[in-house]
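**Q** Attaching a single structure in structure tokens format; questions to follow.
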Amino acid sequence: MNVDDQLTPALTLRGVSKRYGPVVACDAVDLAVRPGEIHGLLGENGAGKSTLMKILLGLVHRDTGTILRGTEPIEIDSPQVAADLGLGMVHQHFSLIEPLTVWENVILGDTGRVDRAAACAQVEQVAQRYGLPIDPLARVDRLSAGERQRVELIKCLRRDPSVLILDEPTSVLTQAESAELFTVLRRVVQAENRAVILISHKLAEIMAATDRVTVLRRGAVAFHGTTADTTAQELARQMVGRDVSLRAEGAALGLLPVEPQSPAGAPPSTDPAGAAPAADPTTPAALRLRGVTLRVGGLPVLDDLHLDVAPGEIVGLYGVEGNGQATLGELLSGLLVPDEGAVEVGGRPVELTRPGTLHEAGLGIVPEDRHHSGVVLDMSVAENLVMKSLAGVCTRGVLSRRRMHRIARRQMAEFNIVAPSPDTPLRSLSGGNQQRVVLARELSAGPKALVAAQPTHGLDVGAIEDMYVRLRQAAAEGVAVLLISTELEEVMALADRIAVISSGRIVGVLPTAEATAERLGMLVGGVAH
Amino acid sequence: MAAATTVAAPPTGPSGPDATGRRLLRRLNPGVGGWQVAAATAATVAVALALSALLISVTGGSPTASAKAMYQGSMASPAAWTTSLLYVAPLLLVAVGACVSARSGFFNIGQEGQVLIGALFGAWAGLRLALPGPLLVVSVLAAAAVGAGAWAGLSALMYRFRGVNVVVSTMLMTFLAQQLVSFAVNTPWLLQESRLGRGTLSPQSNPLPEGARISSLGEYPNLQINGGLVLAIVVAVVFSLALARTRWGFRLTMTGLSPAAARHAGVRVGALGGMALAISGGLAGLAGALLLASPVGTNRLQPGMSLNIGWDGLLVALVARNNPLLAIPVAVLFGVLRAGGSFLAATGVPPFLVDVVKALLVLAFVAPPVVIGMLRKRRRAGEPATTTPATDPAVSKQDAMEGSLA
């Protein structure tokens, strides 16, 4: 550290904080990025990385703290100011206009006369300088993900930024494209003494490509130091948090929902309940994914994914957002059909091309984005409750309102759904109550397996507890529960086994009792265990 | 959390809400509160009438005389009512079909062409099939419905196999339909009228035989209720019931509101939407058969015989907010405007002015619900907490806890 401080950093953040209501997104963050270095910024979802970068780009205003460029304090009020100060960013999701050509995208936002020849020349010149070969006349929608990233980089680099920020730049790239990108970055840093901030959750990448690294956890700096002096294990531990605190938190959240047989707060892995067949190999899986592969634009989003969930077991599927969980959720909702592989429910493969078959086979799902496929906001509570099992309320195709209301009233009472009447439009219910409607519908169908994808996102504590009780109850009644979550606490508190997903593959499955933060962190970071 | 206090709290507990809570919630509910819309509509209609009066007097007419002519032409006598109701039937059929397709989310706006195709098929059946009386009428109607339904179904196929936008394809097919009808009535071996003596041939078919025409019910002096009106009202009631009370209607509505949720719930979204398109086209085709076989026109297939009924029927559905039952009075209103408008034009008011007056009235009926809905949405966006009302203070405390955990 002492040696480090001899150089004047290109960019310094001191005590930068940002709160959203009661949520602290950034908590007194200190960060110093020196010219000529690649600085890794590591952290889980919600650790505060994006908020910090939005502050640097002038998209969000900090509450407290100072930002220095060199030695002078600066105020970044808008993205324009950020660009003028030499801060450039390549976003994780490309901001390119697909029907336009490369040069058009590059000069987008410039003022003055459009000079095609000059723009093309500039693209070629930047491309050559940094080794980013690209045809300025090509249309962006014809380019591969790697080539699109080159366009983004050229867009940034032609403004000669002093600090270049890359947000998860390799998430859409192949191995070779990633390697190429890091070569370019190295060139940018060494030859031109610029600073690069590399945001990533991939440990291998951070270890291989960065000079120094800062780890954020829950909005605060958990660690920072020279990359060469640390290990992937250490970083993993810092990113995810210490074991002890994790367990304590998991228990704290799991404290109120008490299953009759289970002692309060105990992790379910030590659950003495008879229905814990996690280790029993003779029980056939209620839900089995066999080699599920789904490609989007040639890149596998789900890559030969295998997973078994036994009746009465809760399996937590844990991983950083964007590693295929959303796609898996849509697939299990019947909205996508895999390119290869099969989904088996209750031992039988399900025909996925016809809608409704997963439900018929006995798979319930609480989808991640309930407003997309889970509920119809403009239909009533009762209609939402019966929409997947209309046969029960229809006689020869004619709907019985009376029967529908009876079923709805029963489920509303059973699942504590607070609504003035079964005819209330779902839209006017709170998020927690909407989620209860989904859960009530799925569990009332008597499923063999239940998939809960981010079931507690955006809910208040009361609704979260309620969800946990229901999931445990379902498992105790013999339902196989697959919990897809990015919240480690949630997974640790509920699951018997934890499967880790990374880049669309299951990279490891371990019993919750054996899951340490370090092991999980390594798996999540894509480093083999 | 501060915003949570501004929100009407739904009453707590699953046992049952108290009356105050229910009333509060009803007020929050965007679907209810119809009195606001009604009041706003009354205001906008008044504005539209005032504007119309202004326009007529500016162009040298007399507003009161015009209003009187409108009334005389549409409602003053049984004969005037007869004319109005003859327009009501096809308008209503088109509107009910538009309701069905709009509810499914597969918007059909090609009714004008489908009306023509229906008339084309109906004329073919009426002129070429040798069947006894009642059977001939039925086959005219059936041919019109099936032909136009299949015509609209082409758009569904284009969407299914090539992803062609349904709105665009149904609309463009209208122009194709116009050309087809024109071709049919200009081609002797198809449907052009047969040569009698040495006169020149007009681009039109022979008149439908007496047995293929739709007769009127009852013998009231001057007032005639055509069978087509009865058919249209039956269709409106049947589809209203089907939409509200059957599994098919439930699935159709769900598909329109959220295709993803519908597919998730086991609905074959594409097939259902294609069926809705075909039904919508079929009903427009029936309207075409009425234009051909009821005493509204010349009982001949003619290129311009759709009389913009297809476009106006869409407007009826729009004003009736896709409710087939509500479409009945709205169709009556449009029929009255149409009959009154023709009469008005006959008294010397320029026909384009009649169209402007009609358009103003449509705007007056369509705008209020949309504007009020938009205002509500904006208000909701201003208060983000409305979707997550706190149930009681204890929960608010928990919210705070959650904040500190997050």
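**Q** Within segment A:349-362, identify whether any single residue is at pLDDT 90 or above, over 16 Å from A:GLY291 (Cα atoms) and among the hydrophobic types (A, V, I, L, M, F, W, C), and answer yes or no.
**A** yes
**Q** While we're on this one: For segment A:369-426: of the residues being in contact with a Gly (Cβ under 8 Å, 6 or more places away or on another chain) and in a helix (DSSP H, G or I), which is nearest to A:THR327 (Cα to Cα)?
**A** The extreme case among them is A:VAL386.
**Q** What is the number of the single condition among (1) touching a strand residue (DSSP E or B) at 6+ places or on another chain (Cβ under 7 Å); (2) more than 9 Å from every other protein chain (Cβ to nearest Cβ); (3) free of Cβ contacts under 8 Å to residues at least 12 places away in the same chain that A:ARG406 does not meet?
**A** (1)
**Q** Let me ask something additional. Does at least one position in segment B:38-56 carry a residue that is surrounded by fewer than 15 Cβ atoms within 10 Å (Cβ to Cβ), modelled with pLDDT of 85 or more and β-branched (Val, Ile, Thr)?
**A** yes
**Q** Could you list all residues from segment B:236-252 that are surrounded by fewer than 20 Cβ atoms within 10 Å (Cβ to Cβ) and in contact (Cβ under 8 Å) with a residue 40 or more places away in the chain?
**A** Within segment B:236-252, B:VAL237, B:SER240 meet the criteria.
**Q** Quick check on my filter: what residues within segment A:409-432 are within 21 Å of A:PRO447 (Cα to Cα), at the interface with chain B (Cβ under 8 Å from one of its Cβ atoms) and surrounded by 20 or more Cβ atoms within 10 Å (Cβ to Cβ)?
**A** A:MET412, A:ILE417
**Q** Within segment A:1-115, which strands (runs of 3 or more DSSP E) (wholly inside it) include 1 or more residues that are buried (at least 16 other Cβ atoms within 10 Å of the Cβ) and of a type in the set (Lys, Arg)?
**A** Ranges flagged: A:11-20, A:64-69.
**Q** Determine whether B:VAL332 is part of a loop (DSSP other than H, G, I, E, B) and either crowded, with 21+ Cβ neighbours inside 10 Å or under 20 Å from the mean Cα position of the chain (by Cα) (or both).
**A** no
**Q** For segment A:223-240, which positions are buried (at least 20 other Cβ atoms within 10 Å of the Cβ) and assigned to a strand (DSSP E or B)?
**A** A:HIS224 - this is the single residue of segment A:223-240 that is buried (at least 20 other Cβ atoms within 10 Å of the Cβ) and assigned to a strand (DSSP E or B).
**Q** Quick one: B:PHE107 ticks every box in (1) modelled with pLDDT under 95; (2) part of a helix (DSSP H, G or I); (3) within 21 Å of the chain's Cα centre (by Cα) except a single one, so which number is it?
**A** Here B:PHE107 clears every test but (2).
**Q** Answer with yes or no whether B:ALA212 is surrounded by 22 or more Cβ atoms within 10 Å (Cβ to Cβ), farther than 26 Å from B:SER84 by Cα and small (Gly, Ala, Ser).
**A** no
**Q** Quick one: is B:ALA284 closer than 30 Å to B:VAL138 by Cβ and without any contact (Cβ under 8 Å) to a residue 12 or more places away in the chain?
**A** Here the answer is no, as B:ALA284 does not meet what is asked.
**Q** Could you list, ordered by first residue, the pairs with Cβ atoms under 7 Å in which the first is in segment B:262-278 and without any contact (Cβ under 8 Å) to a residue 60 or more places away in the chain and within 10 Å of another protein chain (Cβ to nearest Cβ) and the second is of a type in the set (Phe, Trp, Tyr) and part of a helix (DSSP H, G or I), at least 6 apart or interchain?
**A** none
**Q** If A:ARG370 passes every condition in (1) crowded, with 21+ Cβ neighbours inside 10 Å; (2) modelled with pLDDT of 90 or more; (3) of a type outside the set (Ser, Thr, Tyr) but one, which one does it miss?
**A** (2)
**Q** Which residues, counting only those in segment A:335-364, are more than 10 Å from chain B (Cβ to nearest Cβ) and touching a residue at least 60 places away in the same chain (Cβ under 8 Å)?
**A** A:VAL345, A:GLY346, A:GLY347, A:ALA361, A:GLY362, A:LEU363, A:GLY364
Residue-by-condition table, conditions (1) under 21 Å from A:GLU477 (Cα atoms); (2) outside the structural domain of A:GLU490 (by TED's automatic domain parsing); (3) of a type in the set (Lys, Arg):
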site: A:SER400; (1), (2), (3): no, yes, no
site: A:ARG406; (1), (2), (3): no, yes, yes
site: A:ARG409; (1), (2), (3): no, yes, yes
site: A:ALA413; (1), (2), (3): yes, yes, no
site: A:ILE417; (1), (2), (3): no, yes, no
site: A:VAL437; (1), (2), (3): yes, yes, no
site: A:LEU450; (1), (2), (3): yes, no, no
site: A:HIS457; (1), (2), (3): no, no, no
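Okay, residues lined up against (1) touching a residue at least 60 places away in the same chain (Cβ under 8 Å); (2) small (Gly, Ala, Ser); (3) at positive phi:
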site	(1), (2), (3)
B:ASP312	yes, no, no
B:LEU326	no, no, no
B:VAL330	yes, no, no
B:LEU333	no, no, no
B:ARG338	yes, no, no
B:SER342	yes, yes, no
B:ALA345	no, yes, no
B:ALA359	no, yes, no
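**Q** Could you tell me whether B:THR255 is within 10 Å of chain A (Cβ to nearest Cβ), closer than 20 Å to B:TYR159 by Cα and hydroxyl-bearing (Ser, Thr, Tyr)?
**A** Yes; evaluated as a whole, the condition is true for this residue.
**Q** Of the conditions (1) away from chain B (no Cβ under 14 Å); (2) of a type in the set (D, E, K, R); (3) under 30 Å from A:LEU143 (Cα atoms), A:GLU330 clears all except one; give me its number.
**A** Only one criterion in (1) away from chain B (no Cβ under 14 Å); (2) of a type in the set (D, E, K, R); (3) under 30 Å from A:LEU143 (Cα atoms) is unmet by A:GLU330, namely (1).
**Q** Take the conditions surrounded by fewer than 19 Cβ atoms within 10 Å (Cβ to Cβ), more than 23 Å from B:LEU252 (Cβ to Cβ), under 30 Å from the mean Cα position of the chain (by Cα) and facing chain B (nearest Cβ under 8 Å) and apply them to A:GLY458. Does it pass?
**A** Criteria not met by A:GLY458.
**Q** For segment A:93-121, how many residues meet the condition of being among the aromatic types (Phe, Trp, Tyr) and modelled with pLDDT under 90?
**A** 1
**Q** If you don't mind, another one. From A:SER380, A:SER389, A:SER373, A:SER400, grab the single residue that is free of Cβ contacts under 8 Å to residues at least 60 places away in the same chain, facing chain B (nearest Cβ under 8 Å) and among the polar types (S, T, N, Q).
**A** A:SER373
The values are calculated or read from the model by the stated rules, or taken from the named source; none is laboratory data. As the structure is a computational prediction, the values presented were derived from the model and not from experiment. Cβ sites come from the backbone with ideal geometry, for glycine too, and all protein chains shown count toward neighbours.
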